[in-house]
Structure formats: C-alpha cells, structure tokens
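To start, the structure itself, in structure tokens.
The values are calculated or read from the model by the stated rules, or taken from the named source; none is laboratory data. Since this is a predicted model, take the numbers as computed values, not measurements. Backbone-built Cβ (ideal geometry, glycine too); neighbour counts: all protein chains shown.
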Amino acid sequence: MKKLLSLLLALAMLVCCFAFAACGDTADDGKDTDTQTGEVNGDDTGDTAANADFKLGVILLHDEFSTYDLNFMNGVEEAKAALGLSDDQIIMKKNIPESDACYEAACDLVDEGCDVIFADSFGHETYMLKAAKEFPDVEFCHATGTMAHTEGLANFHNAFASIYEGRYLAGVAAGLKLNAMIEDGTITAEQAKIGYVGAFTYAEVISGYTSFYLGAKSVCPSATMDVQFTGSWYDETAEKNAAQALIANNCVLISQHADSMGAPTACEEAGVPNVSYNGSTVEDCPNTFIVASRINWAPYFKLICENAMKGEAIPTDWTGTIATGSVVLTDVNTQAAAAGTVEKLEEVKAGLLDGTVKVFDTAADNFITVGGAKLETYLADVDTDDAFTPDTEAVADGYFHESEYRSAPYFDVRIDGITLLNDAY
C-alpha cells in the first residue's frame, strides 16, 4: 500500500512539474490573441482588463429623428458589435447644441469614465477643444472640424470622409434620371434643372452640392441647378418648404444636404424624383427615391476605439474614402431610377478608385468653369483662421485636391451652372 501511495505521489509531482513548465513556456512566449482586436499582444490579461473598462462617449447635435445623427448612431452600433463592446461601454448624449452645453457634456462624459469622446457637429469644435485642453489624458474626436491639424494637441482629432465622391456618384444617378426624362418626353434637355436644399453656405455644403451637380453633368451635359438654403441643419418645415419652392421654380429633380425628411416628403407628394442623403427613404418615398449617399462612420469609430484600447495614437486628421468603406451608397430603387443606373454607378466608382475619374476635374473642357473660364488656380482656406484667409493652392495636376490637405471640405468655389436662390446663411 505504501508503495502504491508513493507511486501516486510521484506521478502527481510529475504532473505538477509539467504543468509548471507549460505555464513557464506560455509566459516566455509572451504572445496571445486579443479577444477584442484579434491582434497579437504582449499582455493579453492586461489588454482584456483595459478593454472591459473602456468607454466611448458620443455627443450628438440631435437624436435618432435626424438622419444625420442617426447615421452616426448606426456607425457606433456597428463598431460596437465588431469590437464586442457592451452597451454600458457606450454613452450617448443627444440633442446637445453648439454651445457651452457641448463642453459641459464632454466634462460629464469624462466624469463617467470615457476614454474617447466624439462630437458630430461642426459647431461643437471649439467646445471640444476647450475640453481637450482641460483633460489631456482623454482622447477627443470631432467630425467635420478644421482645427486639429493646426492646434497641435496630441489628444484632439478631426475626421471626415471624401463624401464628395459619394455625392458625385449620386449625381450620376440623378443625371441618368434626367436623361430618361428627356428621352421619354417628360422634359426637354433645356428643362433639366435640379433643385438642391442646402443648410448653410459652408464649404462642406458647397462641396457637396457642387460634386452632386458635376456627377449629374458628367452624364447629362445640359443639367443646371438651383440651390435654396434653410439656415439650419435640421428643420423639417423649412426643408419641405424649400423643396416645394424649388419644384414650383421648375426644378424636376431634388436633392439635399439637410437632415430631415422634409425634402423627400415634398418630392413624394409632388411625384418629383429625389436623391436623398444619409440613408434610404424608399420606405416612405417608394415612387420617387432613387439613391442616397452617406458617410459610413463605423470604420472610424472602430479605429479610434481600437487605437485607444491598444494605447496607440489616433490620427490627427483622418479622411475616410470609398476604399476604407467610409463612403457608400444605398441600394438603388429601380422603381424610380433610370434603367442601367446600377451598372453605370459601378463603372464610375471603379474610375474613382483607380484615379481615372476626378470629381473636381479642372482639365476637362467646359466641366468646371467660373465666369466662363476654366479653373486653373485657387487658394483655399485650409489652415482656417478667424478671417478665413485663403492659404493653400488647391488646383494641381488637373483637378482640385479636395480633402487632401485636411479632412474637412474646403471646396467653396461658385461655379457656372449653379444658381443660389438665397445667400443669407
């Protein structure tokens, strides 16, 4: 019996020795797969603990009833799922105006333990910057802003996307619809006038409506455009009224850079084709919705969360593209779109990706003109100051280099073919 007990004890010690050696081998290897990022890290236990404590705070100008803000919210949800974050790791503050309320919301999010805080509206920037200076250990990210690349703060970042390429593609779909209307006798070539509901006369809006117009003009050369501004990012009544006024002014197709269902609803009621923004309106506007472009914010949210969790720097000034999955189109509504739209959009998209198609092409004859002359030089306001002083030559190599010198748009050229019906904002 004693011999049996001795043998069992020896076997147990041998197992323990092997187990200890195995633990030593794992520690010496120093590598494991991070369950959150899928990347190899030197200290899996530390990373897992840090990721469990990680929090993202999001400041929204409006709420889910705004197509603009809903698009950000959807991006957060997609990134959350991809990273395996829990609901309590995301804190959203909705209906935060472009005022000191944004700074207060940012401070609240710091107090709630957020590692990264993001705000989605242009007017939030100065308040986010104020918070970033006060809390250097927290990362502050801001969409559509212009100041990160000149402020030089390690924890303050801007982001946007080359949405002008998405709007150009949507414009191609609009131009094809105009061609179909010309061919079936609904309108003449001279009546191919687009109406556009814009929020403000900011570069972001000007870049957007111009790229949309150029996309339409690339397939329908007789196209012109009228633009009506509302003076608000989100005002359903004003946007609907603006669309109705454009329709009354003989615009035969409407698009918009505004955040409500006002313009799409006006189009559905009037039976006028519509190209939306930030998401499909086909459910409410099945007879008139053609397509919509939008920025997909999920890749950026995933990037800033991953980098923060890994302790890596977040890009100071980030521009998402078609290639990064940040610029996308909704499905084409074939009930309202012209035949062949899907195929043509794929063709133009391929050209944008390989560089053979340039949205702001200044080399092509009669494509972009200002006062009848080709645009051969333009000083853009890239390093924005209080006087919005032009400081950077943006035309080179036959095109305007939009969003290459900073993420936020700076194309604010007023080109031929586009008429501004009001200019108060």
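Condition first: under 30 Å from residue 355 (Cα atoms), crowded, with 19+ Cβ neighbours inside 10 Å, aliphatic (A, V, I, L, M) and out of contact with any Ser or Thr (no Cβ under 6 Å at 6 or more places or on another chain). Can you find one or more residues in the stretch 310-317 that meet it? Yes, that holds for at least one residue. The single residue among 98, 134 that is surrounded by 15 or more Cβ atoms within 10 Å (Cβ to Cβ), of a type in the set (D, E, K, R) and either out of contact with any strand residue (DSSP E or B) (no Cβ under 9 Å at 6 or more places or on another chain) or under 27 Å from residue 404 (Cα atoms) (or both) turns out to be 98. Of all the residues in the stretch 144-155, those that are surrounded by fewer than 24 Cβ atoms within 10 Å (Cβ to Cβ) and not in a loop (DSSP other than H, G, I, E, B) number 3. Within the stretch 311-334, restricting attention to residues that are of a type outside the set (S, T, N, Q) and assigned to a strand (DSSP E or B), the residue that is farthest from residue 212 (Cα to Cα) is 317. Filtered by the rule that a residue be farther than 19 Å from residue 236 by Cβ and either at pLDDT 95 or above or of a type in the set (A, V, I, L, M) (or both), the stretch 43-71 gives 49, 50, 52, 54, 55, 56, 57, 58, 59. Say whether the condition of being out of contact with any Lys or Arg (no Cβ under 9 Å at 6 or more places or on another chain), in a loop (DSSP other than H, G, I, E, B) and surrounded by 15 or more Cβ atoms within 10 Å (Cβ to Cβ) is met by at least one residue in the stretch 337-353. Within the stretch 337-353, not a single residue is out of contact with any Lys or Arg (no Cβ under 9 Å at 6 or more places or on another chain), in a loop (DSSP other than H, G, I, E, B) and surrounded by 15 or more Cβ atoms within 10 Å (Cβ to Cβ). Would you be able to tell me the number of residues in the stretch 283-295 that are in contact (Cβ under 8 Å) with a residue 40 or more places away in the chain and surrounded by fewer than 21 Cβ atoms within 10 Å (Cβ to Cβ)? The number of residues fulfilling the criteria is 2.
Every condition in (1) over 30 Å from residue 271 (Cβ atoms); (2) in a loop (DSSP other than H, G, I, E, B); (3) aliphatic (A, V, I, L, M) is met by residue 308 except one, and the failing one is (2). Residues that are in contact with a strand residue (DSSP E or B) (Cβ under 8 Å, 6 or more places away or on another chain), over 14 Å from residue 164 (Cβ atoms) and in contact (Cβ under 8 Å) with a residue 40 or more places away in the chain within the stretch 383-405 comprise 383, 398, listed in sequence order. The residues listed here are 274, 250; of these, the one that is over 21 Å from residue 144 (Cβ atoms), buried (at least 18 other Cβ atoms within 10 Å of the Cβ), modelled with pLDDT of 95 or more and polar (S, T, N, Q) is 274.
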